[in-house]
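Colleague: Could you have a look at this structure, given as structure tokens, before my questions?
The values are calculated or read from the model by the stated rules, or taken from the named source; none is laboratory data. These numbers come from a predicted model, not from an experiment. Positions of Cβ are generated from backbone atoms using ideal geometry, with glycine treated the same way; all protein chains shown enter the neighbour counts. When the accessible area is computed, the model is the full protein with side chains, heavy atoms only, and any ligands, DNA or RNA have been set aside. Shrake-Rupley method; radii C 1.70, N 1.55, O 1.52, S 1.80 Å.
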Amino acid sequence: MKLYYSPGACSLAPHIALQEIGVPYTTAKVDLLRHKLADGTDYYTISPKGYVPMLELPGGERLTEAAVILQYIADRKPGELAPAFGTLERYRLMEWLNFIATEVHKQFGPLWYPTTHETTKEAQRTKLASRFEYLAKTLGAQPYLTGDTFGIADAYLFTILNWAPMLKVDHSPFPALGQFQARVAARPAVHRVLVAEGLVKETATA
């Protein structure tokens, strides 16, 4: 498998999932400002959507959308990062993936653009705070979103919450979220990916 990624983007989540399950994979870094690969290839010729993540499968097929790619990766080793498909537990996981995609990830969107009016940005931060409150109720009672075991929904949430400092989104009123971020960052596989993407230094201790 080959993961097309950009450091720190939402592609970080499937990158973490690949490292966690230990399957062979390669990566291709995408410059999202120029939509180019390192060799100059126009990324739009590979992925018409133009964004990451994209996962190229062994047979050459390609998947996009983080929540879909995460499930595909998890299903390479059923039961490790996601419950078996068709179980209620799997649907609970999918419920979290959808919530993160639409109520957290999507709400960060306008904050990335310098053209977004500050009033709109503040409205988005307020909206995110209500989502954080909901998340904190769960993460204050258990270490991960679906219970005691780390899974793909946690990789996704960790990735999105990592954007908070640079976008001036404050989740400090919800200590459970900061504790969750630290807990996930301390996982050896997560640390290896953070180093590989240049988000932390090699000398940091996982």
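Colleague: Answer yes if at least one residue in region 57-66 is surrounded by 13 or more Cβ atoms within 10 Å (Cβ to Cβ) and among the aliphatic types (A, V, I, L, M), and no otherwise.
Modeller: Yes, some residue in region 57-66 is surrounded by 13 or more Cβ atoms within 10 Å (Cβ to Cβ) and among the aliphatic types (A, V, I, L, M).
Colleague: Another one. Only one of Met94, Met54 is under 18 Å from the mean Cα position of the chain (by Cα) and surrounded by fewer than 18 Cβ atoms within 10 Å (Cβ to Cβ); which? Give the steps one after another, and end with the answer.
Modeller: Details: Met54 fails: surrounded by fewer than 18 Cβ atoms within 10 Å (Cβ to Cβ).
Met94 is the lone residue from the list that is under 18 Å from the mean Cα position of the chain (by Cα) and surrounded by fewer than 18 Cβ atoms within 10 Å (Cβ to Cβ).
Colleague: Which one of the conditions (1) of a type outside the set (A, V, I, L, M); (2) surrounded by fewer than 18 Cβ atoms within 10 Å (Cβ to Cβ); (3) closer than 19 Å to Ala17 by Cα; (4) in contact (Cβ under 8 Å) with a residue 24 or more places away in the chain does Gly147 fail to meet, given that it meets all the rest?
Modeller: If we test Gly147 against (1) of a type outside the set (A, V, I, L, M); (2) surrounded by fewer than 18 Cβ atoms within 10 Å (Cβ to Cβ); (3) closer than 19 Å to Ala17 by Cα; (4) in contact (Cβ under 8 Å) with a residue 24 or more places away in the chain, just (4) comes out false.
Colleague: Let me confirm something: among Leu111, Leu81, which residue is on the phi < 0 side of the Ramachandran plot, outside any helix (DSSP H, G or I), surrounded by 12 or more Cβ atoms within 10 Å (Cβ to Cβ) and hydrophobic (A, V, I, L, M, F, W, C)? Explain how you work it out, then say what you get.
Modeller: Details: Leu111 fails: outside any helix (DSSP H, G or I).
After ruling out the rest, the residue left standing is Leu81.
Colleague: Given Glu197, Glu202, which one is at negative phi and open to solvent by 30 Å² or more (accessible area, probe 1.4 Å)?
Modeller: Working: Glu197 fails: open to solvent by 30 Å² or more (accessible area, probe 1.4 Å).
Checking each option against the conditions leaves just Glu202.
Colleague: The conditions are (1) within 18 Å of Glu95 (Cβ to Cβ); (2) not in a loop (DSSP other than H, G, I, E, B), and Phe150 fails exactly one of them. Which is it?
Modeller: With respect to (1) within 18 Å of Glu95 (Cβ to Cβ); (2) not in a loop (DSSP other than H, G, I, E, B), Phe150 is out only on (2).
Colleague: Among the residues of region 97-129 satisfying the criterion of being of a type in the set (Gly, Ala, Ser) and under 25 Å from Leu145 (Cβ atoms), which is farthest from the chain's Cα centre (by Cα)?
Modeller: Quick first cut of region 97-129, residues of a type in the set (Gly, Ala, Ser) only: 101, 109, 123, 129.
Filter again for under 25 Å from Leu145 (Cβ atoms), leaving 101, 109, 129.
Working: Ala101: 9, Gly109: 14, Ala129: 19 Å.
The residue in question is Ala129.
Colleague: Of (1) surrounded by 15 or more Cβ atoms within 10 Å (Cβ to Cβ); (2) not in a helix (DSSP H, G or I), Leu128 satisfies all except one. Which?
Modeller: Leu128 satisfies every listed condition except (2).
Colleague: For a quick check of your reading of the model, give me the residue pairs whose first member lies in region 173-185 and is closer than 12 Å to Thr138 by Cα and in contact (Cβ under 8 Å) with a residue 12 or more places away in the chain, whose second is surrounded by fewer than 20 Cβ atoms within 10 Å (Cβ to Cβ) and aliphatic (A, V, I, L, M), with beta-carbon atoms closer than 7 Å and at least 6 apart or on different chains.
Modeller: If the second residue must be surrounded by fewer than 20 Cβ atoms within 10 Å (Cβ to Cβ) and aliphatic (A, V, I, L, M), the pairs left are Phe174/Ala136; Ala176/Ala136; Leu177/Ala136.
Colleague: Shifting gears a bit: In the set His171, His105, His191, which member is modelled with pLDDT of 95 or more and assigned to a loop (DSSP other than H, G, I, E, B)?
Modeller: Values: His105 fails: assigned to a loop (DSSP other than H, G, I, E, B); His191 fails: assigned to a loop (DSSP other than H, G, I, E, B).
Of the residues listed, the single one that is modelled with pLDDT of 95 or more and assigned to a loop (DSSP other than H, G, I, E, B) is His171.
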